[in-house]
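Remarks on the structure that follows.
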Amino acid sequence: MSQPLTITKMKNMKEQRQPLTMLTAYDYPSARLAEEAGIDMILVGDSLGNVVLGYDTTIPVTLDDMVYHARSVARGAQSTFRVVDMPFMTARISREETLRGAARMMQEGHAHAVKIEGGEDIAEEVAACVRAGIPVMGHIGLTPQSVHQLGGFKVQGKWEKEAEALIRDAKALEQAGAFAVVLELVTEPLAEAITSSIGIPTIGIGAGRGVDGQVLVFHDLIQYASPYRPKRFVKTYADVGGTIREAIGQYVGDVRSGAFPEEKHAFPMESVIMKQLYGGGAAL
């Protein structure tokens with residue numbers, strides 16, 4: 001699309017039951033490819049800690065990390081709506097810290113919006129950002145920044161009290177002014193119930209079919225990892241990791257065998273120049 005998707009258009013798409021598509025991206029080439037493929041929204045997720053920086057969780061990812069990667073994505077996907085994660089603890093220390101971090105995402109990271117993990121507990125911070133003119137996407141269910149407190153990567157909303165709390169979280173985020181909310185690893189019936197109970201779009205990842213849109217991690221979608229660990233809620237569309245590994249292996253073999261480089265990969269020199277340099281007594 002020639003212009004970024006707007007928040008107003010997203011709400012209209014929910015009302016018209018037009019699914020929203022979202023994909024993570026962390027650098028210029030992946031953002032460029034996602035935009036060329038027609039994605040609606042790009043999320044510069046703190047999942048870059050896992051798939052790009054090699055951490056076990058998203059917790060070590062810093063605000064500087066997010067700003068750096070957001071700028072790269074902005075250069076690659078100038079015409080796509082871009083959301084950037086607020087990393088661990090940047091939205092919970094104080095309202096002032098939240099606003100300062102979100103402002104950096106908008107000014108330095110060229111984000112169109114920020115995403116904040118949490119529900120009722122961070123509603124005041126969400127409202128403060130919205131009042132300051134910073135669009136906020138919420139994120140409830142499995143919140144990776146709280147993975148240790150949650151006891152691991154577990155499906156959320158299986159039990160009545162847990163489900164009731166997530167519905168309250170979604171409504172609190174809507175009331176605070178969030179324009180959309182990500183539902184991660186939430187049971188399908190609960191995700192559908194949340195989607196029906198609020199007027200803002202829901203974006204699911206492992207939340208089934210009853211949501212307003214879907215988001216996946218770039219590296220999961222194309223198996224760009226080694227080793228790749230399959231996930232039940234992910235559909236993979238290519239094995240890019242295998243292709244890359246095979247190509248590099250062929251390159252290594254060609255260099256060792258002398259098959260690369262060939263004559264066509266080299267640059268010739270005029271014979272006269274060669275004589276002047278090496279055969280005509282020219283000083284070197």
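The values are calculated or read from the model by the stated rules, or taken from the named source; none is laboratory data. Here the structure is a predicted model, which means the values were calculated and not measured. Every residue, glycine as well, gets a Cβ built from its backbone with ideal geometry; the counts of neighbours run over all protein chains shown.
Residue under question is residue 17, and the condition is that it be in a loop (DSSP other than H, G, I, E, B), surrounded by fewer than 21 Cβ atoms within 10 Å (Cβ to Cβ) and in the same structural domain as residue 230 (by TED's automatic domain parsing); does it hold?
Answer is yes for this residue.
Give me the residue from the stretch 124-140 that is touching a residue at least 24 places away in the same chain (Cβ under 8 Å) and surrounded by fewer than 22 Cβ atoms within 10 Å (Cβ to Cβ) and, out of that set, nearest to residue 165 (Cα to Cα).
Of everything passing the filter in the stretch 124-140, 124 is nearest to residue 165 (Cα to Cα).
Quick check on the stretch 199-234: of everything there that is on the phi > 0 side of the Ramachandran plot and without any contact (Cβ under 8 Å) to a residue 24 or more places away in the chain, which residue is nearest to the chain's Cα centre (by Cα)?
Of everything passing the filter in the stretch 199-234, 223 is nearest to the chain's Cα centre (by Cα).
Looking at (1) closer than 30 Å to residue 197 by Cα; (2) in contact with a His (Cβ under 7 Å, 6 or more places away or on another chain); (3) not aliphatic (A, V, I, L, M), which is the only condition residue 15 fails?
Unmet for residue 15, out of (1) closer than 30 Å to residue 197 by Cα; (2) in contact with a His (Cβ under 7 Å, 6 or more places away or on another chain); (3) not aliphatic (A, V, I, L, M): (2).
Between a residue in the stretch 141-169 that is modelled with pLDDT of 85 or more and any residue that is hydroxyl-bearing (Ser, Thr, Tyr) and in a helix (DSSP H, G or I), which pairs come within a Cβ distance under 7 Å, given they are 6 or more apart or on different chains?
Final answer for the pair search is 167/197.
Given the residues 168, 209, which is the only one that is in contact with a helix residue (DSSP H, G or I) (Cβ under 9 Å, 6 or more places away or on another chain), basic (Lys, Arg), part of a loop (DSSP other than H, G, I, E, B) and more than 24 Å from residue 6 (Cβ to Cβ)? Steps first, answer last, please.
Numbers: 168 fails: part of a loop (DSSP other than H, G, I, E, B).
Exactly one of 168, 209 is in contact with a helix residue (DSSP H, G or I) (Cβ under 9 Å, 6 or more places away or on another chain), basic (Lys, Arg), part of a loop (DSSP other than H, G, I, E, B) and more than 24 Å from residue 6 (Cβ to Cβ), namely 209.
With the condition kept exactly as written, say whether any residue in the stretch 223-233 is closer than 27 Å to residue 126 by Cα, of a type in the set (Ser, Thr, Tyr) and either assigned by TED's automatic domain parsing to the domain that holds residue 139 or part of a loop (DSSP other than H, G, I, E, B) (or both).
Within the stretch 223-233, none of the residues are closer than 27 Å to residue 126 by Cα, of a type in the set (Ser, Thr, Tyr) and either assigned by TED's automatic domain parsing to the domain that holds residue 139 or part of a loop (DSSP other than H, G, I, E, B) (or both).
Quick one: count up the residues across the stretch 55-94 that are at positive phi and either under 15 Å from the mean Cα position of the chain (by Cα) or of a type in the set (S, T, N, Q) (or both).
Looking only at that region, the number is 0.
Test residue 259 against the stated conditions and say whether it is outside the structural domain of residue 155 (by TED's automatic domain parsing), farther than 24 Å from residue 205 by Cβ and surrounded by 11 or more Cβ atoms within 10 Å (Cβ to Cβ).
So residue 259 fits the description; yes.
Return the total of residues in the stretch 21-36 being in contact with a Lys or Arg (Cβ under 8 Å, 6 or more places away or on another chain) and of a type outside the set (Phe, Trp, Tyr).
Selection size over the stretch 21-36: 1.
Evaluate the stretch 198-205: report whether one residue or more is crowded, with 22+ Cβ neighbours inside 10 Å and small (Gly, Ala, Ser).
Yes, that holds for at least one residue.
Restricting attention to the stretch 6-52, and to residues there that are among the polar types (S, T, N, Q) and farther than 23 Å from residue 230 by Cβ, which single residue is farthest from the chain's Cα centre (by Cα)?
Once the filter is applied, the top-ranked residue is 16.
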